[in-house]
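Encoded as structure tokens, the structure appears first; notes follow it.
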Amino acid sequence: MAKRLIPSFNRILVEKIIPPSKTNSGILLPEKTPKLNSGKVVAVGPGARDRDGKHIPVNLKEGDTVLLPEYGGTEVKLGEK
């Protein structure tokens, strides 16, 4: 059974990108290095409507990379992710 999570209105679904623990040249990075919270857009809602009923589309598309706020958003677990 396939499970899907489809955002509604102007919501987006983002999968957090885990930064590598080793550089391309093989240097191991300590865990205390400052990490940039970024993620990949997995799904985008259709958009919202303004007071006049006009459709306002979302400016993002699937596959875009975005920065995440440290304490923002809602964490959702779907299967192992």
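The values are calculated or read from the model by the stated rules, or taken from the named source; none is laboratory data. Since the model is a prediction, treat every value here as computed from it, not as a measurement. FYI the Cβ positions are ideal-geometry reconstructions off the backbone, even for glycines, and counts take in every protein chain you see. We work out accessible area using only protein heavy atoms, side chains counted, and drop any ligands, DNA or RNA first. Shrake-Rupley method; radii C 1.70, N 1.55, O 1.52, S 1.80 Å.
Going by what's in this entry, would Val76 be described as part of a strand (DSSP E or B) and either out of contact with any helix residue (DSSP H, G or I) (no Cβ under 7 Å at 6 or more places or on another chain) or open to solvent by 100 Å² or more (accessible area, probe 1.4 Å) (or both)?
no
Of the residues in region 45-68, how many are open to solvent by less than 80 Å² (accessible area, probe 1.4 Å), over 10 Å from the mean Cα position of the chain (by Cα), closer than 14 Å to Val14 by Cα and without any contact (Cβ under 8 Å) to a residue 40 or more places away in the chain?
Adding up the residues that qualify gives 1.
Would you confirm, using the coordinates I've provided, whether Lys40 is of a type in the set (D, E, K, R) and in a loop (DSSP other than H, G, I, E, B)? First the steps, then the outcome.
Working: of a type in the set (D, E, K, R): yes; in a loop (DSSP other than H, G, I, E, B): no.
It is false that Lys40 is of a type in the set (D, E, K, R) and in a loop (DSSP other than H, G, I, E, B).
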